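The values are calculated or read from the model by the stated rules, or taken from the named source; none is laboratory data. What you see is a predicted model, and the numbers here were worked out from it, not measured in a lab. Backbone-built Cβ (ideal geometry, glycine too); neighbour counts: all protein chains shown. Just the protein is used for accessible areas: all its heavy atoms, side chains included, with ligands, DNA and RNA removed. Shrake-Rupley method; radii C 1.70, N 1.55, O 1.52, S 1.80 Å.
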Amino acid sequence: MSEHRIAILPGDGTGREVAVEAMRILDTVSAHTNFGFDMNVIPCGGKHYLETGEEWAEGSFEYCREEVDAIFLGAIGHPGAHLPDGDLAGGSVILGLRAGLELYANLRPIKLYEGVPHKVHGKFTQIWQPGMVDLTFLRENTEGLYHSLLRRSADRALGREPYEPIEMEFPGMSGEFAYDPRPISARGTERIVNMAFEIAQTRNGAPGDGIKRVSCIDKSNVTRGCQLFRKTYDKVASNYPSIEKDYGYIDAFMQWITRSPEHYDVVVSSNMFGDIATDLGAVLQGGMGMAASGNIGDNNAFFEPVHGSSPKHAGKNKVNPIASINSIQLMLDWLGRKNNETGLVEIAKLIDESVADHLRDGKMLTYDLGGDAGCTHVGEAISQILRTKLIEL
Ligand code: IPM
Ligand code: MN
């Protein structure tokens, strides 16, 4: 019996509903394999802040850092919930963990499953073909344009005075203005680019041509940070001669990923560019309800659906739990590789197959995929498919 301790941070809005489905998957694995999951639910987020005056209970950050093997986060963000200085209430949780635990890689797989319709012009159509959209996006997660807020959030999570960058002068600007410095370091870039090449080695290449490729997406024609990002990418790439190098500017990349997603295998980019590009990427896979992610460092990681708290859908049992179920898939794959437990890597694959079977069948889908099934119904159905596969193991 191998026991893993998991912190569950449901957070706000629909995060609370999808966390239940994430836990259902872990319970299903516990019930039918030798892997056990000891889950501890930690209330947190913007709504929790409005109700209690704290983003999460004191000691929660340290608990997540030291006491658990992995973390699941539902979503952070509640309308009108801000800290006194205007920062996002709940930021200590999502951004505090990213910066405080050095979770430098935000891993966002973008894969279109068979049977998933995309919603374009308000209608469900098939523009991109299943099998032709299958890439792994790596967003740098600790610096770039988010740097100041990340540092402030980590300081709050650790009970320290929040960091403020030094005053800068901006010639030609007058009146009220605000700014966010965008520091990019060689060390920060090197570690994420390294991970991108390591992941490329484990994949089968781009769906269009089967070539293993890592695309560096930046704006190095304009910014110094991006010039360092690209220079560092080149340095790391020279250690991986069998993987094709590829470059793009973020603006042009947005066109290419829309028109020819089959070209992309692994994509690496800086923080804010990655935030924006992966929301577009979600469209290629059927929408935010399908987009899973992992925030990964050398020692810790948390896994979360990309969709956020979507307050207008909260409490209605209607959102798609697949982004969360696939985040658990990423969690088990990560845990398995890190601890050399190949059984967990196999179970992660079975979760993927269960989701694929469910979608191919196509009878029970949530509203975002053109159906009217509830979050719990889809979660139960996928757990049931997984159960059958685990029993057959
Ligand atoms: C995401 C979200 C977050 C981000 C917000 C909630 C701070 O949009 O995970 O992509 O911008 O990183
Ligand atoms: Mn985002």
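At a glance:
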{"quantity": "The lone exception for G90 - which of (1) free of Cβ contacts under 8 Å to residues at least 40 places away in the same chain; (2) open to solvent by less than 30 Å² (accessible area, probe 1.4 Å); (3) out of contact with any Leu (no Cβ under 8 Å at 6 or more places or on another chain) it fails", "calculated": "(1)"}
{"quantity": "Within the stretch 176-199, tally of residues that are in contact with a Leu (Cβ under 6 Å, 6 or more places away or on another chain), in contact (Cβ under 8 Å) with a residue 40 or more places away in the chain and not in a helix (DSSP H, G or I)", "calculated": "2"}
{"quantity": "Close pairs (6 angstrom Cβ cut-off, 6 or more residues apart or separate chains): farther than 24 Å from H358 by Cα in the stretch 309-321, among the acidic types (D, E) and not in a helix (DSSP H, G or I) anywhere", "calculated": "S309/D12"}
{"quantity": "Contacts under 6 angstrom Cβ, first residue in the stretch 256-271 being closer than 13 Å to W128 by Cα, partner among the β-branched types (V, I, T) and away from ligand 1 (no atom under 16 Å from the Cβ), 6 or more apart", "calculated": "P261/V133"}
{"quantity": "Members of the stretch 312-325 found to be open to solvent by 10 Å² or more (accessible area, probe 1.4 Å) and outside any loop (DSSP other than H, G, I, E, B), listed by number", "calculated": "K312, H313"}
{"quantity": "Test: K363 is outside any helix (DSSP H, G or I), open to solvent by 10 Å² or more (accessible area, probe 1.4 Å) and more than 16 Å from ligand 2 (Cβ to nearest atom)", "calculated": "yes"}
{"quantity": "Cβ-Cβ under 7 Å pairs, at least 6 apart or on other chains, the stretch 93-120 side open to solvent by 20 Å² or more (accessible area, probe 1.4 Å) and of a type outside the set (A, V, I, L, M), far side within 13 Å of ligand 1 (Cβ to nearest atom) and not in a strand (DSSP E or B)", "calculated": "E102/T142"}
{"quantity": "Selection status of I76, within 13 Å of ligand 1 (Cβ to nearest atom), closer than 26 Å to K312 by Cβ, within 16 Å of the chain's Cα centre (by Cα) and at pLDDT 95 or above", "calculated": "yes"}
{"quantity": "Residue check, S324 in contact with a His (Cβ under 7 Å, 6 or more places away or on another chain) and closer than 18 Å to P10 by Cβ", "calculated": "no"}
{"quantity": "Residue within the stretch 336-348 that is under 15 Å from Y113 (Cβ atoms) and either in contact (Cβ under 8 Å) with a residue 12 or more places away in the chain or open to solvent by 20 Å² or more (accessible area, probe 1.4 Å) (or both) present", "calculated": "no"}
{"quantity": "Residues satisfying the stated conditions in the stretch 1-28, i.e. outside any strand (DSSP E or B), of a type in the set (D, E, K, R) and open to solvent by 40 Å² or more (accessible area, probe 1.4 Å)", "calculated": "R16, R24, D27"}
{"quantity": "Test: residue in the stretch 23-37 that is modelled with pLDDT of 95 or more and touching a Pro at 6+ places or on another chain (Cβ under 8 Å)", "calculated": "no"}
{"quantity": "Test: residue in the stretch 274-293 that is among the small types (G, A, S), more than 14 Å from I110 (Cβ to Cβ) and more than 16 Å from ligand 2 (Cβ to nearest atom)", "calculated": "no"}
